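Data block below; observations after.
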């Protein structure tokens, strides 16, 4: 079950409880925003927020920092193979 997170909730608590997972935001154009930049956008620009459980690393559209998934990328190739 996915719970809709409001813009204000995301700004006040950019980490999920329990678990401490980073809640990644998205602007209304679908660009990822890291928790550290949650206060750097306006409400009209906010699209949604979600926990990024698995997949390739995303890049924050505001600061350019990497946003890793919580459980890694299941499709990444093993460098030892």
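The values are calculated or read from the model by the stated rules, or taken from the named source; none is laboratory data. All values derive from a computational prediction rather than experimental measurement. A quick note on method: Cβ atoms are made from the backbone with ideal geometry, for glycine too, and the neighbour counts reach across all protein chains shown.
So the values come out like this:
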| read-out | value |
| --- | --- |
| Residue within the stretch 38-47 that is assigned to a loop (DSSP other than H, G, I, E, B), without any contact (Cβ under 8 Å) to a residue 24 or more places away in the chain and exposed (fewer than 14 other Cβ atoms within 10 Å of the Cβ) present | yes |
| Complete set of residues in the stretch 22-37 that are surrounded by 15 or more Cβ atoms within 10 Å (Cβ to Cβ) and either in contact (Cβ under 8 Å) with a residue 60 or more places away in the chain or part of a helix (DSSP H, G or I) (or both) | 35, 37 |
| Some residue of the stretch 62-79 being in contact with a helix residue (DSSP H, G or I) (Cβ under 6 Å, 6 or more places away or on another chain) and either surrounded by 12 or more Cβ atoms within 10 Å (Cβ to Cβ) or part of a loop (DSSP other than H, G, I, E, B) (or both) | yes |
| Close pairs (8 angstrom Cβ cut-off, 6 or more residues apart or separate chains): on the phi < 0 side of the Ramachandran plot and in contact (Cβ under 8 Å) with a residue 12 or more places away in the chain in the stretch 59-79, part of a loop (DSSP other than H, G, I, E, B) and surrounded by fewer than 10 Cβ atoms within 10 Å (Cβ to Cβ) anywhere | none |
| Qualifying residue in the stretch 19-32 (condition: at pLDDT below 90, out of contact with any helix residue (DSSP H, G or I) (no Cβ under 7 Å at 6 or more places or on another chain) and farther than 28 Å from residue 77 by Cα) | no |
